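Take a look at the structure below.
FYI, it's all coordinate maths here, none of it is from the lab. Fair warning: this is a prediction, and the values are worked out from it, not measured in the lab. Methodologically, a virtual Cβ is constructed for each residue, glycine included, from the backbone with ideal geometry; neighbour enumeration extends over all protein chains shown.
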Amino acid sequence: MKFNLDQLNAMKKIYILIAFLLFGAGLRAQQTNLTEAVDFTVTDCHGQTYNLFEILDRGQAVFIDFFFYTCNQCQVISPYITGSYTQMGCNMHDVFYIEISYTDSDAVCQQWANQYGVEFPTVGREGGGNEVFDLYGIIGCPTLVLIMPDRSIAIQGLLQLYPFSAQDVVNAMQQHGLQPHDCNTTDIDENSETLTLFPNPANESVTLQGDNLGEVSLYNVVGQKVDTYIAEESELIIPTAKYQEGIYFVRTSSGMTQRLVIVHN
């Protein structure tokens, strides 16, 4: 019996889905067989685009959580992954976190992120998640992969530690020279100046209060400057309705930086 290319691709997807169900139900240590990273560009469920090699080239390691919404073990470990994300500096320091699904739509990925409190990028099928699964030969979930800035794959399947805690994930990263950091990136003496944001998460607008605000810049999670404002006084209101949902960083001319989450109700 002969099959055309479309039929073969459809069969491949069916086999992968069956593998997800089998692996997600009981098996633990999933991994990629790659030892060196393959580049990819994806768009998360909020419309933000990320390129793997761009992140690596600026000196950050990339931690990928391959998951899908109905995977029981993915649900179990999600709080530990998000806990380690906070301990490792919320994508602002040594490690950049991203989670990728083969099967889930953007709407389902948004539901997942809201349900489990995921603040780092979540990529689904519509954003190219299935292509990354294919590139890395992922056939079981959850699979956790750590890619170093030199593009070597340092961790191919962290679940050999299962069951584990957030600290276990952090310890595994520290073995590769990656260090924990506070999510607050303010570099100045906390007793000299303060920066307050409210509400946070923001929907329509966010209010900044602080001394010597001056020029205020808004950066997205990959470090790109999105907008710049000038504060004439000690308070500034930034309209956030025009920005896509996601994580941003507000930085003043004096070096104070705070993380801002934008969520549209």
Checklist line | Inter-site label distance for Gln179 and Ala107 at 7 Å from Cα along Cβ, in nm | finding: 4.6
Check: If amide H atoms are built 1.01 Å from N in the plane of the peptide, which residues on other chains or at least 5 residues away come under 5 Å of the amide H of Asp227?
Finding: Leu218
Next item on the list: Please find the FRET efficiency linking Asn171 to Glu233, where r is the Cβ-Cβ separation and R0 is fixed at 51 Å, and quote it to the nearest 0.05.
Entry: 0.65
Check: Which whole-Hz ³J(HN,Hα) couplings does region 227-242 yield from phi under the Karplus relation 6.51 cos²θ - 1.76 cosθ + 1.60, θ = phi - 60°, glycine and proline marked x?
Finding: 6, 9, 10, 10, 9, 7, 10, 8, 9, 9, 9, 10, x, 10, 4, 7
